[in-house]
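Novice: Before we start, here is the structure in question, set down as structure tokens.
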Amino acid sequence: MDGRKAPGWLLWGVLLLIVLAQTQAALCKNLKDGPFISAGEVFAALLFGLWALWALVSGEWRHVKWPPFAVWVLVAVAFVAIGQADSRDAVKSGIVDVAQYVLYFLCVYLLFANALTDETRVRRAVGVLAGLTALMVLVGLAQYAKWADPARAEDTFRRVSSTFGLGELLVKAPAPQPAVEKTGPEAETPVAPPKPKPPLPGGFYIGGKSSRSIYCDYLLMVLPVLFALGLGSSGPKWLKPTLLVLVAIGAVTMLSGWHFWALAAVLIALALRYSVKAALATAAVVAVFVAVSPVVFVRNHQANLVEVTDFYEEGVLDQSTVTSETYQGGAVPTTTEVKKRWIEWQPALNLVRTSPVLGVGTGGYQLHIGPEYGMLPNFEKIEPGTNCGWLVIAGSMGLCGLMALVGVFYTGYRGAVLQSTKASSEYLRALSLGLAGSMLGLFLAMIFSNVLERGLSITVILMLALVSVVQGIAEQQGVTGEAARAT
């Protein structure tokens with residue numbers, strides 16, 4: 001805000017928003033297709049309305065720090081792409097998605113960029129985020145020890161999804177239990193999952209079930225920041241080793257192999273910015289961890305090597321039978337298929353080819369992807385959060401939407417790299433380098449998942465806004481320095 005401090009209540013509001021964003025608890029009409037209305041979204045909308053009214057009344061709207069040009073382009077493309085919708089359902093889905101783009105990329109961005117106006121406030125926001133991450137990693141470690149059974153690592157390691165499952169607690173869903181060993185014919189035929197509980201009054205469910213992909217997306221976005229602060233910032237003696245240990249434990253609980261390797265690459269690249277010695281040490285730790293995993297970290301070996309090199313999925317449930325009206329429960333047929341996360345790349349590319357400029361319409365990916373499978377198997381997805389996010393954007397908003405989102409992340413990356421050497425303090429330089437790693441993590445995460453999911457989007461915007469905040473602090477201090485020299 002051009003050197004001005006935002007009111008204290010706005011700072012506390014955005015800190016609370018950071019906390020609310022990490023749950024995934026949401027009301028929804030359909031547990032699979034939504035739309036999902038989270039507590040974080042409702043709070044963000046109310047907080048933005050209150051702040052906008054204050055800015056208008058006080059005249060501070062003249063000094064508002066606006067999002068970068070790339071963000072406006074993305075929102076504009078999302079709005080224009082609604083015109084590609086070919087049905088009432090597609091229009092409704094597009095309107096919901098555009099409303100979320102406006103809320104996240106404009107409203108939430110404005111809240112963060114205009115509340116975090118100095119280094120002290122930035123430290124508070126990053127501190128809250130680090131505390132939440134520590135809590136998530138500890139819960140993930142407990143899940144790792146309890147649910148991811150090393151004796152049955154091949155089918156239990158996917159259960160580690162950490163604290164995003166608060167929605168599951170609210171709906172009183174039972175915690176995942178290790179499968180009971182069976183003998184005879186029953187051992188070969190899995191039983192269909194239980195049907196969801198009846199909806200709340202008004203036809204609403206409480207959603208919030210997480211997945212390892214969402215958890216690993218979050219860590220791939222946040223751990224680079226903590227790693228860079230652990231390497232390069234000053235503070236109490238206990239802080240730096242605590243941050244580095246937190247990153248190490250978080251990496252152990254990341255039981256999605258593609259995310260783990262992406263994180264390893266990002267951390268080694270960040271360490272190289274400090275010294276060759278730091279990069280070699282980081283690479284050595286990764287190499288030793290992978291080498292001993294088959295014996296010591298069986299679950300990580302299953303995720304990081306076995307699963308990554310295996311493109312097939314065994315025990316695929318025939319979900320069409322499970323969801324049919326005549327199905328009464330019990331065992332269902334299974335088969336072995338190429339993992340759907342890879343199969344879906346081809347129909348997604350077909351979808352892009354049908355409408356390359358603006359796609360099939362914002363929010364229309366799931367409504368249009370089915371017919372594009374052709375002769376490819378289109379079984380129900382075994383695991384949520386495994387779509388290629390880049391192809392989802394390209395399919396729904398075309399190459400214009402794809403380039404716009406790339407532009408948003410690249411703008412953040414470029415600004416963070418610049419401030420990693422020019423920011424005014426050691427802390428802000430370390431934070432900026434971590435944010436550059438976070439942008440790289442977002443690029444990579446979008447290949448294997450989609451970071452624009454409920455529960456993740458607000459944190460994505462926080463990372464982007466922090467880049468602008470650090471730039472704003474540097475600019476303001478530069479102006480102040482010039483004024484002091486002039487006098």
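The values are calculated or read from the model by the stated rules, or taken from the named source; none is laboratory data. What you see is a predicted model, and the numbers here were worked out from it, not measured in a lab. No Cβ is skipped: glycine too gets one built from the backbone with ideal geometry, and neighbour counts run over all protein chains shown.
Novice: So, in region 56-77, of the ones that are crowded, with 17+ Cβ neighbours inside 10 Å and in contact (Cβ under 8 Å) with a residue 60 or more places away in the chain, which residue ends up nearest to Cys400 (Cα to Cα)?
Specialist: Val77
Novice: Got at least one residue in region 365-375 being touching a residue at least 12 places away in the same chain (Cβ under 8 Å) and not in a helix (DSSP H, G or I)?
Specialist: Scanning region 365-375, I find at least one residue that is touching a residue at least 12 places away in the same chain (Cβ under 8 Å) and not in a helix (DSSP H, G or I), so the answer is yes.
Residue-by-condition table, conditions (1) among the charged types (D, E, K, R); (2) closer than 27 Å to Leu106 by Cβ; (3) out of contact with any Lys or Arg (no Cβ under 9 Å at 6 or more places or on another chain):
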| position | (1), (2), (3) |
| --- | --- |
| Arg353 | yes, no, yes |
| Val357 | no, yes, yes |
| Gly363 | no, yes, no |
| Pro371 | no, no, yes |
| Asn387 | no, yes, no |
| Leu399 | no, yes, yes |
| Thr421 | no, no, no |
| Ser424 | no, no, yes |
| Tyr427 | no, no, no |
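Novice: Still on this structure: Which of the helices (runs of 4 or more DSSP H) found entirely inside region 60-121 contain at least 1 residues meeting this: farther than 27 Å from Gly455 by Cβ? Break it down into steps so the answer makes sense when it comes.
Specialist: Numbers: elements: 69-81, 88-101, 109-115.
Output list reads 69-81, 88-101.
Novice: Would you pick out the residues in region 390-417 that are surrounded by fewer than 21 Cβ atoms within 10 Å (Cβ to Cβ), free of Cβ contacts under 8 Å to residues at least 40 places away in the same chain and either part of a loop (DSSP other than H, G, I, E, B) or not aromatic (Phe, Trp, Tyr) (or both)?
Specialist: Met403, Val406, Arg414, Val417
Novice: What residue, among those in region 109-131 that are basic (Lys, Arg) and under 21 Å from Phe48 (Cα atoms), is surrounded by the fewest Cβ atoms within 10 Å (Cβ to Cβ)?
Specialist: Start the filter on region 109-131 by keeping residues that are basic (Lys, Arg), which leaves 121, 123-124.
With under 21 Å from Phe48 (Cα atoms) added as a condition, the list becomes 121, 124.
Numbers: Arg121: 20, Arg124: 16.
The qualifying residue surrounded by the fewest Cβ atoms within 10 Å (Cβ to Cβ) is Arg124.
Novice: So, one more: Would you please list the contacts, defined by Cβ atoms under 7 Å and residues six or more apart or on different chains, that run from a residue in region 149-170 that is over 20 Å from Ile214 (Cβ atoms) to a residue that is modelled with pLDDT of 75 or more and hydroxyl-bearing (Ser, Thr, Tyr)?
Specialist: Between residues of region 149-170 that are over 20 Å from Ile214 (Cβ atoms) and residues that are modelled with pLDDT of 75 or more and hydroxyl-bearing (Ser, Thr, Tyr), the close pairs are Asp149/Thr156.
Novice: Checking Ala287 against (1) touching a residue at least 60 places away in the same chain (Cβ under 8 Å); (2) assigned to a helix (DSSP H, G or I): exactly one of these is not met. Which one?
Specialist: Just one mismatch for Ala287, condition (1).
Novice: Which number in (1) more than 22 Å from Leu116 (Cα to Cα); (2) modelled with pLDDT of 90 or more; (3) in contact with a helix residue (DSSP H, G or I) (Cβ under 9 Å, 6 or more places away or on another chain) marks the one condition that Asp89 misses?
Specialist: (2)
Novice: Which of the residues that make up region 252-284 are in a helix (DSSP H, G or I), touching a residue at least 40 places away in the same chain (Cβ under 8 Å) and closer than 29 Å to Trp147 by Cα? Step through it out loud before you land on a result.
Specialist: If we filter region 252-284 for residues that are in a helix (DSSP H, G or I), which is where we start, we get 252-253, 257-274, 276-284.
Next, only the ones that are touching a residue at least 40 places away in the same chain (Cβ under 8 Å) stay: 252-253, 257-263, 265-267, 269-271, 273-274, 278.
Listed by number, the residues that qualify are Val252, Thr253, Gly257, Trp258, His259, Phe260, Trp261, Ala262, Leu263, Ala265, Val266, Leu267.
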